[in-house]
Amino acid sequence: MTALGVNESIVESVSDQQKNSVVKNSSSFVLGLSKNGFYAWVSIVLVLLISTIGYTSGLIHSWGIFLSWALLAESFAFLIDFIEYISRRKVLVHSDSNQKNPENLTSKNSEFTWQQVAEHNTPESAWIAIKGKVYDVTKFIDNHPGGRELLLLCCGRDATDLFLSYHPFTKKPSQILSKYYIGTMITYEHPVYPEDTGFYQELCEKVGQYFVAANIDHKSPMTAFIRMIPSYVIGFGGFYVAYLMKDVDISLRILGAILFGIGCQGIPLTGWMHDSSHASIGHSEWLWYTIGRFSLDWISGSSMVSWRNQHVIGHHVYTNVMGADPDLPVSKEGDVRRIVPEQLWTTMYRYQYLYMPVLYGLLGLKSRFQDSFEIFKNHLNGPIRVNPISVQDNIRQFASKSFWMFFRFVLPHVFFGKIPLSLHIALFFVSEFTTGYWLAFNFQVSHVTTVADFYYSDVDSRDSKAIHTSVQDEWAISQVKSTIDYAQDSAIATYLSGGLNYQTAHHLFPTVSQYHYPKITPIIMDVCKKRGIHYNALPNFKEAFMGHINHLHQMGLEGKAAELKLE
């Protein structure tokens, strides 16, 4: 019997039909074109048709094609948003007569496999599992204080630790959930952590008391706006010098391209984009949506949908758990890097401490292809299932990529200095490699290091055990052990990293704005000391960086293996 009350032997009584139960039209399980994807493609074809008519009739100039795609596609998505909003309002008004009561569909003594829960991952049927209990929250989606999008991301899966870490200072959500209870979960898709023994509860109480005593809103957005202004000024200034000015020395153009990569992509992505993905900047879903899409989708050409699936749903729950954390290699062989000893060793890994730091520059470019070909096409992010993506989000993926092409290539090359295309492309790669290095080193040094713990998910046993992997450490303790801080006394490091030098505080309290980490970290460290939990903190970025390089070097040596935490 586990901490969740699941008997390991119960899986033997689960029928093959239950274990293999899958909704055929769910994009989370179908690698082909989903229904939403089909409707999105129809809309995109209409956008292309309208744009072509406009171009052939002389209404749209050749330089405006990408921009017309972006504006038309966004208009289509907005129209669908509006129609769906009106439809939802009508459904809510007539909910008593038009919606089915979940009690009519299931008994509260029902038992569900993870596959059965996974079927209910859409606005039409949304189930969520928390602490071994399953809830039908379909009627709650539009009333969720944290917004529709975040709740829908969590549906169709076990969201225990997401639920706890996203409601650290209130008991009200647990009280609301009780009326939506429909049964228990008897098998698990991913590893299960032991229940909190009081460590995380004490952290929440003490950190919450700090905010109350100081009369501070832990999500206040004002500091973020103030700190992002100089970053964007420098970034767009660099963009102007690198791509738009005439008769500029090549060295200044290169400097401008670097500053753009940092000021408009690097700092904002680790800054307020990161906060918006965790709903930790303000209390409005509209604000999170606008900041996230502006900084990540439209300016940087990537995807907030992809990022939230990878980072929020995967990495923050299963930190450093191979087989569950999308930031780690997915399979035991074939990856360009060896991070955990469970991966099969090959000769090339001997040199990974040399070639990986070079390849990190490709991270930004990789993300723009990964979101299209893995998230939106295959509906997977490594080991994490991606819930059905709405028609609007599919269309907006096309819209933001189109605008990004216009912004990065058409606008500067057509309207301003008209620098040679070869120079433009070279400067583009300077900017992108700068952003790639900035993001990679900020994230990698915090987890992939010699002082961090790693865990392993025994996914090969998923079909034969109710819980195929029980992690030794409870969730909050695993976050402390798998994470490092560095340069805690440096305001510059905190600004440039977006608070990621206080990574432990971020993982324990993702909904707290990064600007409060320096104040709450001593509270966390005191509780860790009291309970005998080692807190990983290095004095500066150099040591954090060398810890990462040393880990790559150790994992590249045949026979050098760190201990895995697996029961």
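The range 326-403 and the range 467-534 have Cα centres lying 25 Å from one another.
Eigenvalues of the alpha-carbon gyration tensor of the range 280-326, scaled by 5 and square-rooted, set the equivalent ellipsoid semi-axes at 23, 14, 6 angstrom, largest first.
Here, the range 324-386 has an Rg and a Dmax of 13.0, 35 Å when only alpha carbons are counted. Taking every Cα-Cα distance in the range 328-440 and sorting them into 5 Å bins starting at zero, the pair-distance distribution P(r) comes out as 2, 9, 13, 16, 17, 15, 12, 9, 5, 1, 0 percent. Think of a 1.4 Å ball rolled over the protein heavy atoms: the chain then has 44 Å² of accessible area per residue.
Counted over all Cα-Cα pairs of the range 165-287, pairs farther apart than 19 Å make up 69 percent. Less than 5 angstrom separates the built amide H of residue 381 from those of 386, all sequence-distant by 5 or more or on a different chain. Divided by 2.2 N^0.38 Å, where N counts the residues, the Cα radius of gyration of the range 447-567 comes to 1.19. Here's how it looks for residue 322: its modeled amide H is under 5 Å from those of 455, 456, 457, which are all 5 or more places away or on a different chain. Each helix, a run of at least 4 DSSP H residues, gives -39500 (n - 2.57); summed and divided by the residues of the chain, these come to -14000 deg cm²/dmol at 222 nm. Which of the listed residues, 191, 364, 225, is farthest toward the dipole's positive end in the chain, when Lys, Arg count +1 and Asp, Glu count -1 at the beta-carbon? Result: 225, furthest along the dipole toward the positive end. An ellipsoid equivalent to the range 489-545, defined through the eigenvalues of its Cα gyration tensor, has semi-axes of 19, 15, 9 Å when rounded to whole angstrom and sorted largest first. Using only the Cα atoms of the range 285-371, each taken as one equal point scatterer with no solvent, compute I(q) by the Debye sum, divide by I(0), and report log10 of the ratio at q = 0.18, 0.22 Å⁻¹. Rounded to two decimals, the profile gives -0.92, -1.15. Normalised by the number of residues in the range 129-228, the mean separation of alpha-carbon contacts (under 8 Å, six or more apart) gives a relative contact order of 35 percent. Short-range pairs are left out: with C-alpha atoms under 8 Å and at least six residues apart, the relative contact order of the range 469-567 is 35 percent.
Residues 465, 401, 530, sorted by accessible area with the largest first, give 530, 465, 401 [1.4 Å probe; ligands and nucleic acids excluded]. Based on C-alpha pairs under 8 angstrom that are at least 6 apart in sequence, the chain has a relative contact order of 21 percent.
Above 18 Å, the calculated P(r) of the range 136-186 contains 25 percent of its Cα-Cα pairs. Screening the chain for whole DSSP H helices with an alpha carbon extent of at least 20 angstrom along the helix axis and a mean Kyte-Doolittle hydropathy of at least 0.0 yields 35-56, 65-93, 199-214, 222-239, 421-447. Hydrodynamic radius of the range 428-489 by the Kirkwood approach over all distinct alpha-carbon pairs: 14.6 Å.
About the centre of its Cα atoms, the chain shows a dipole size close to 1100 debye [charges on the beta carbon of Lys, Arg (+1) and Asp, Glu (-1) only; nearest 20 debye].
Think of the chain as a dipole: +1 on every Lys or Arg Cβ, -1 on every Asp or Glu Cβ, centred on the Cα centre; then among 121, 484, 347, 121 lies furthest on the positive end.
Hull volume per residue, based on the alpha-carbon atoms of the range 113-169 and their convex hull, is 71 Å³.
Looking at the chain, the pairs of alpha carbons with a distance over 38 Å make up 31% of the total.
The values are calculated or read from the model by the stated rules, or taken from the named source; none is laboratory data. All of these numbers come straight from a predicted model, not from anything done at the bench. Positions of Cβ are backbone-derived with ideal geometry, glycine not excepted, and every protein chain shown enters the neighbour counts. When the accessible area is computed, the model is the full protein with side chains, heavy atoms only, and any ligands, DNA or RNA have been set aside. Shrake-Rupley method; radii C 1.70, N 1.55, O 1.52, S 1.80 Å.
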